[in-house]
Amino acid sequence: MTITNDWKWPHFTKQEMQCQCGCGAAQMDPAFMDRLEELRKAFGKPMSISSGYRCAAHNLAVAHTGISGPHTTGHAVDIRITSPDAWQLLKLAVGLGFTGIGVSQQGPHASRFLHLDDLTAPAYPRPWVGSY
Ligand SMILES: [Zn+2]
């Protein structure tokens, strides 16, 4: 992939947004990243990214959405978080225009997360709340 120096979101690194298959792709949508940065500022605390961009092959391997899920669009992240922070983040995310909310809040706290995206209908069924 092309290495660029135009990463402009101070609270997030390109590395944490990269596909975790090792391909190095981090094709995050700039408008989505702007929205995520706004959310980070409103939240006021670190947000730990457990999944950012995914290439089609990696998404096929790890998600039920096959080769074209939300993470392949650069419009989605998963954030390691648990209540009460999860409640606060969810509240802020809805107010800032995130349209897809995935909730994984069962089991060990360290593996709990929220999925956030800003996808739109008709390509995706949005607004949407799902659980894992
Ligand atoms: Zn990949």
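The numbers here are math on the coordinates, done by the rules we state, and not lab data. Everything quoted here is computed from the prediction, not taken from an experiment. Virtual Cβ from ideal backbone geometry, glycine too; neighbours counted across all protein chains shown.
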| the chain - mean residue ellipticity at 222 nm from DSSP helices (-39,500 (n - 2.57) per run, n ≥ 4, rounded to 500) | -7500 deg cm²/dmol
| Near K45, which aspartates and glutamates are there with a Cα under 14 Å away, not counting those fewer than 8 places off in the same chain? | E37, D85
| task | With springs only between Cα atoms under 10 Å apart, run a GNM on the chain and tell me which of L119, L60, L89 wobbles the most. | result | L60
| message | I want to verify a result. In a Gaussian network model of the chain, Cα cutoff 10 Å, which of these has the top mean-square fluctuation: H109, H58, H75? | response | H109
| message | For segment 15-131, take the convex hull of the Cα atoms, compute a quarter of its surface area, and give me that in nm², please. | response | 6.9 nm²
| task | With only Lys, Arg, Asp and Glu charged, each at its Cβ (+1 for the first two, -1 for the last two), find how big the charge dipole of segment 45-132 is about the Cα centre; round to the nearest 20 debye. | result | 100 debye
| message | I want to verify a result. In a Gaussian network model of the chain, Cα cutoff 10 Å, which of these has the top mean-square fluctuation: D118, D34, D78? | response | D34
| Cβ-based charge dipole, the chain, positive-most Cα from T120, P84, T73 | P84
| message | If you take every DSSP beta bridge fully contained in the chain, what fraction is antiparallel? Give it as a percent rounded to 5. | response | 75 percent
| message | Net charge around Y53, counting only other residues with Cβ within less than 14 Å of its Cβ (Lys, Arg = +1; Asp, Glu = -1)? | response | -2
